[in-house]
Every structure is written in C-alpha cells, then in structure tokens.
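The values are calculated or read from the model by the stated rules, or taken from the named source; none is laboratory data. Model, not experiment: these values are computed from the prediction. Reconstructed Cβ throughout: ideal geometry from the backbone, glycine too, with neighbour counts over all protein chains shown. Accessible surface areas use protein heavy atoms only, side chains included; no ligands, DNA or RNA. Shrake-Rupley method; radii C 1.70, N 1.55, O 1.52, S 1.80 Å.
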Amino acid sequence: MILLNCPNCGQRNSLEFRYGGEYNPRPAKPLETSDAQWADYIYMRTNKSGVQKEWWYHRAGCGLWFLAERDTRSNEVMQTYLWEPAAKEVGD
Amino acid sequence: MNEFQEKLVHFTWPEPKKSYDVVIVGGGGHGLAAAYYLATRHGITNVAVLERNYIGGGNSGRNTTIIRANYGIPEAVRFYQHSLELYQTLEAETGRWIMHQEKGILWMAHSEIGMQQQKARAAINRAFGAKTEFLTPEEILKVCPEIDLTGGGVWPVVGGSYNTEAATARHDRVNWALAEGAMMRGVHVHQKTAVTGLLMEGNRVTGVQTDKGPISAGIVMSAVGGHVTSLAAMAGLRLPIRTHPLQAFVTNHYARTFHPIVASTNLLFYVSQTARGEMLMGAEIDPQPSYNYRSDHHFLQSCAFRATTLLPFLRDLRVLRQWTGVCDMSPDYSPIMGKTSVDGFYITTGWGTWGFKAIPASGEQMAQLIATGETPEMIAPFALSRFAEDRLMADRGSAGTH
C-alpha cells in the first residue's frame, strides 16, 4: 500500500487517488515545436527507477491535482505539494 | 513427451570472452529464444546472453503462462498465431518436455457491446489464421461447466469467444529448454552478470560494460524486462515505456478437472489450472508505475472477488502464494521489436503483460533480424519508429490487463 499526503486532506491510502503520470511539462511554444518533439512529449517517458516527480488526483476526496515525489523502487513518498508555475518553466 | 522420458538438462557455464558477434542483454525467455534461434536457424553461435540474476528469474518465471492468439488486429493475430504454432512444436524440436497443454481460452462477454467485441474478435481471428469461434452461453457451459452463467446476478454471461488452440506451458521449462538448446550449440549464457553501461562509438553501440568487465559486440540486443528504459537511456534513447507491477496468485490444489482458461472483458481477470492442480489467477496491472515487487492485499481481494463472481467453486479454495512482476507497458499495449535509431542496438520490449506467449516468435524474428540485418515483414509493424510516426496499433483491448 502506498500512503499519500494530500495537501488538503492529509495522509490517505493511495486507493483514494488516481495516478496522473510522470511530470512532463507541455512544450511551451507549440508553433515552434517540431513533430519529433511533440511525439517525444506525448509518448516517450523517463520512467525513472528512483525518485520520480509525478501527478496525483484525489479522486475519492477533495478532487485536487497535486505533485508527489515518490521512489519507484520502494514506493516511499518523499513529499507532496501543489503545482506552482515556476518562472523558468514559462517558455521552457 | 512426459517426465518419465526426460533426461537432466545440460547447462554449461563457460567464462565470459572479451568479444562476441552478438550480445543479448537479459536472460529471460525472449533473450534465450533469440539466442536459440540464432544458433539453430542461422548457425550464429558466437553469442552471449547476459543475465544479472538467474535465467528466467524475471517475468519469464512470474507470468501466468497463457499462450493464445485471439488478438484484435491483423498484424497481431498473425504474429501471435505464429508464436502459438512454434510453441506446439517446441517439445518435438528441443526434445524437452515444456508441459505444453492445449486448453482453449474462453473470453466472456457480459453485455451487448461485449458480445459484439467478442464476435468481431472471432471473425478477425479466423480471417488471419487463428482458430476462434463465438459461443453461446449454453455452448460455454459445455466447455466449462463450473461457470455461473448469471455472474452472481450482476455479470450475466451472454456469450464469449473461444480460441481453441490456446494453451499453457511450464514457464521455467520453456526457459531451460531454450537455454539448453542454445548452449549445446555453443552460445554462452552468463548469469549473475549485470550490464552497467553501453560502449559507444559515435551513434553505434560496440559492446557492453558489465560488473565483470567490458565485452565488445557486433550487435547488442536488449531483451530486458522491467528495466529496459534504464538500458536504453545508456544509449541515449528514450522509450515509450512505463513500468507497472502485475500481480498474480495461486490457490491450494483442486481436483484436476478444470480444463479451459477463462477470462472476462468486464471482470478483468484470467484463470487456469496448473499441472499441480492450483488455480492460477491474474488481473490488471497496478495503477501506478513502480519497480517494486511487493504484493498487496487489495489486489488479492479485488481479483478474488471478481473471479468468484464467475466461478463460485473458487470460494472454497485458499490462497497459497502471491507474487509480482514488473511489466514494460507501451502506450498501445503492443510490443516494440526491431532496430532503433542507434546503430548496432536492437530491442525487443514493450512485452508488458503479454510476453510469455510471444517468446518463440519474438526470438525467431529477432534472430532473423540480427542474422540478415533486414527487419522481417512479420515484425515491421511493431517498430519503435511507429510512435514518432503517430502510427499506434489499435489493440489495447486484447491484453486483458487494464
């Protein structure tokens, strides 16, 4: 069982949540993004064996989408937090 | 063939050489099969299979051993039917008893749409060489009298498809038969040898770095299960793979009377009886990716609940063992085979939850690719390049694990 700390509701069983995929920012300038870059964004994944930044959705709770850092080898969740548009991410 | 005619397997464990024509990373079924077919079909024996643990210790020894060809698109039906036929003759060819047993797989439909899917499946299977028929509930009961056609009053069985040639085989014996066949012809298999890096010259892979030293190779083929993304990353290659755990369990022994393999579109589980009489069950992958092999109670409860809905006699049995494998899931639930954008680096991956049935065909086709340098027509549609071309295979429903 994986325990996740929802930023709103606190620690809950992961069965209350839906996994939303590894953190994979969308290309910021669509018109300047090549087909190969789009294909990479849509299909390819880092699939990390180690601490991965990923999305979760509190489906059976408050409905919040948030980020978690989880070790995919042990399923230990290091931290959870709300997404914030970092300045460097705009136009990344 | 049976246990009384058997002789002990002949494994030989030579020291690693500095160089091979072909190095195969991953000593599971797919890697061993490629080595076996390289040796038997192409006379290429200067080959090493590197396995970081012991042969068949990954998903090749953790799956539910179902061999079937009832897929949903022409390319897949042809490929899996070919694999199913290679399995049918594997005992005669290797001289090893792999406990191949033809059982037939029933795939239940519980709704109008499910029935249409199973009818379409039977039609496309027949059109491309697989023996699948559509059965009415009464006909299903003749094949499997244990089924509760009312589905516990919630999931009534309204029909189903029946792939008559579907079978099971003993997974360890498949691995051993292929390993022995390859070794007898001069292939080296190195267990407890982990690949820690790839040797590169420009855009070409020229060998592997292992924890026992470097080994150079003309061609490196990845037959890694679970950690293929890490290996490909060493070559600078990104893959469309997410690694998800898949769990399975067996019950205690039941009189050996349960003949077919049973699966269901809505209830998402599959069950068969092992040669020891255990009822073997699996279901869908864990929802989040992980490299963790831990099994959990939630899966056990959920899978058992669904299986007992259709097969009430299972309620009287007890759970004996539960285990987990980690599966390389591709976005379209179809495998990825062939060349990559890196020279000298071939892959057979994306075997997710459907790899065991494909072991002989994948091995045979990859061996042909290595021997000739040309991608065989049968596996060309499964190339890695299909993702960049946005040409995915529309066959997710055939996996039965999501």
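Values as computed for the structure displayed
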| read-out | value |
| --- | --- |
| Approximate spin-label separation B:L300-B:R315, in nm, with each point projected 7 Å along Cα-to-Cβ | 2.0 nm |
| A:L3 - accessible surface, heavy atoms, 1.4 Å probe, Å² rounded to 10 | 80 Å² |
| Average projection area in nm² (convex hull over Cα atoms of the range B:228-288, one quarter of hull surface) | 6.3 nm² |
| Paired Rg and Dmax values of chain B, which use every Cα atom, in angstrom | 20.7, 64 |
| Alpha carbon centroid spacing (whole Å) that separates the range B:333-392 from the range B:6-75 | 15 Å |
| Debye-sum result for the protein assembly as shown in log10 I(q)/I(0), which assumes one identical scatterer on each alpha carbon, at q = 0.13 Å⁻¹ | -1.32 |
| Cα centre as origin, Lys/Arg/Asp/Glu Cβ charges: the protein assembly as shown dipole, Debye | 600 debye |
| Projected label distance in nm at B:Q88 and B:F11, using a 7 Å step from Cα toward the beta-carbon | 3.2 nm |
| Between helix B:112-127 and chain B: long-axis angle, C-alpha atoms, 0 to 90°, nearest 10 | 50 degrees |
| B:D211 - accessible surface, heavy atoms, 1.4 Å probe, Å² rounded to 10 | 90 Å² |
| Simple spin-label estimate for A:A36 and A:V51 in nanometres, 7 Å along Cα-Cβ | 3.3 nm |
| DSSP bridge orientation in the protein assembly as shown - percent antiparallel, rounded to nearest 5 | 75 percent |
| For q = 0.16, 0.17 Å⁻¹, Debye-computed log10 I/I(0) when each Cα of the range B:23-176 counts as one equal scatterer | -0.94, -1.01 |
| Cα-centred dipole magnitude for chain B, charges only on beta-carbon of K, R (+1) and D, E (-1), debye, nearest 20 | 500 debye |
| The range B:19-88, accessible surface, carbon-and-sulfur percent (1.4 angstrom probe) | 43 percent |
| Considering only chain B, percent of DSSP beta bridges that pair antiparallel, nearest 5 | 70 percent |
| Å³ per residue enclosed by the Cα convex hull of the range A:3-81 | 99 Å³ |
| Karplus-derived HN-Hα couplings along the range A:70-82 (A = 6.51, B = -1.76, C = 1.60, θ = phi - 60°), whole Hz, x at Gly and Pro | 10, 7, 6, 7, 10, 6, 6, 8, 6, 7, 10, 7, 7 |
| Cα Rg, Dmax, the range B:53-118, angstrom units | 15.4, 47 |
| Additional length obtainable on full extension of the chain from B:A127 to B:A255, 0.36 nm per residue less Cα span | 42.4 nm |
